[in-house]
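> Take this structure, written in structure tokens, and hold onto it; I'll ask about it next.
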Amino acid sequence: MVSWERKALNFINQTNRWNKDKHISSFLAFSISLLKNLLQADIALHLEFEDENTARVKDASPVQLNNQVVNAVPVRKMLYDHSFKIIYWPEIPPPPENMFPALLEGLSSVVIIPVYVEPHPGVIVLGWRKPQTYHSDFQDCMASIRLQLKEILTQSQQQLHFRGIAVRFDAILQAIPDAMVFINDEDAQGWVNQQAADLLSLSGPGEHAPAVLSGAIAQLPITFRVTRLPVVSQQVNGQLLIIKE
């Protein structure tokens with residue numbers, strides 16, 4: 001008897017070991033391959049919405065399905081009609097309900113999992129040649145898998161977003177001649193420019209732990225003046241410290 005709970009735990013354990021420093025696209029490719037093997041599916045693919053009207057197949061197994069183009073409009077409508085929940089087709093319906101018959105040729109059953117990868121949403125499609133029965137334990141397994149996908153995709157996208165902010169902010173700090181320190185409101189991240197790194201005897205410019213920065217500033221001679229300016233934006237909130245003697 002298949003243990004769907006064990007398969008869900010296997011997926012979670014293996015995806016937790018994925019290197020989150022890699023680009024998010026590699027995570028999807030890894031996850032789709034893993035899902036195909038764990039669930040013994042005959043096909044697995046990512047259908048990415050490139051724009052309002054176009055969806056393209058990526059990360060497919062078998063690979064000959066890659067780059068096939070599908071009309072995105074009915075797929076989006078299907079997701080909306082199902083409230084963006086997982087869609088189970090124990091028996092593949094005929095067109096027009098089946099809006100990608102060329103991809104599903106020769107299959108009997110399909111599962112469609114909505115996913116969102118910025119800036120393009122899409123779906124993961126899993127298909128089987130033999131008819132499948134989607135009992136509650138299988139659906140619980142798929143729900144756990146989707147939740148894991150969502151959590152890692154969200155974390156990775158946030159990490160990429162904050163890295164982009166850090167690069168832009170660092171460029172701004174380096175262009176200013178004064179010693180500059182930024183600490184965000186959550187005391188989770190801090191940055192310094194080269195002048196501040198030299199002044200505070202840090203290893204170099206860029207990101208440093210806020211506790212390290214606060215400790216180094218506290219050791220400055222009393223001849224130095226620290227001006228604190230609030231930074232409030234949609235992307236980052238915190239304090240900018242300008243240090244002058």
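> I'd like the Karplus ³J(HN,Hα) series for the range 90-105: coefficients 6.51, -1.76, 1.60, θ = phi - 60°, whole numbers in Hz, and an x wherever there's a Gly or Pro.
x, 10, 5, x, x, x, x, 4, 8, 8, 9, x, 5, 6, 9, 4
> I've got another one for you. What's the exposure ranking of ASP42, ASP51, ASP140, ASP59, going from fewest to most Cβ atoms within 10 Å?
So the residues, fewest neighbours to most, are ASP51, ASP140, ASP42, ASP59.
> Between ASN66 and ILE222, what's the calculated FRET efficiency when r is the beta-carbon distance and R0 is 51 Å? Round to 0.05.
It comes to 0.20.
> In addition: Using the beta-carbon distance between GLN139 and ASP185 and R0 = 45 Å, what value does 1/(1 + (r/R0)^6) give for FRET efficiency, to the nearest 0.05?
Efficiency at R0 = 45 Å is approximately 0.65.
> Counting Lys +1, Arg +1, Asp -1, Glu -1, what net charge surrounds THR223 among other residues with beta carbon under 13 Å of its beta carbon?
Net local charge, THR223 excluded: +1.
> Another question, if that's okay. Grab every C-alpha pair in the range 176-244, bin the distances at 5 angstrom width from 0 up to the longest one, and report whole percents.
Using 5 Å bins, I get a P(r) of 4, 18, 31, 28, 15, 4, 1, 0 for the range 176-244.
> Could you calculate the FRET efficiency of ASN10 with TYR116 from 1/(1 + (r/R0)^6), where r is the beta carbon distance between them and R0 is 30 Å, rounded to 0.05?
0.80
> May I pose another question? Which values of log₁₀ I(q)/I(0), to two decimal places, follow from the Debye formula for the chain at q = 0.15 Å⁻¹ with a uniform point scatterer at every Cα?
These q points yield log10 I(q)/I(0) values of -0.95.
> Still on this structure: Using only DSSP helix segments of four residues or longer, with each worth -39500 (n - 2.57), what per-residue ellipticity at 222 nm results for the chain after dividing by its residue count and rounding to 500?
-12500 deg cm²/dmol
> Okay, moving on. List the pairs from LYS36/LYS130; LYS77/LYS130; LYS85/LYS130; LYS7/LYS36 whose alpha-carbon separation is above 22 Å, in the order I gave them.
From the list (LYS36/LYS130; LYS77/LYS130; LYS85/LYS130; LYS7/LYS36), the Cα-Cα distance tops 22 Å for LYS77/LYS130; LYS85/LYS130.
> Okay, next question. All other residues with a Cβ under 14 Å from the Cβ of ILE12 taken together, and with Lys, Arg as +1 and Asp, Glu as -1, what is their net charge?
Here the count lands on +2.
> Tally Lys and Arg at +1 and Asp and Glu at -1 over the other residues with C-beta under 10 Å from the C-beta of ALA179: what net charge comes out?
-2
> If you take the square roots of the eigenvalues of the alpha-carbon gyration tensor of the range 1-139 and sort them as a ≥ b ≥ c, do you get rounded (a/c under 1.5), prolate (a/b over b/c) or oblate?
oblate
No lab work stands behind these numbers, since they all come straight from the coordinates. The shown structure was predicted, so the numbers you read here are calculated from the model rather than taken from an experiment. Glycine also receives a Cβ, built like all others from the backbone with ideal geometry; neighbour counts cover every protein chain displayed.
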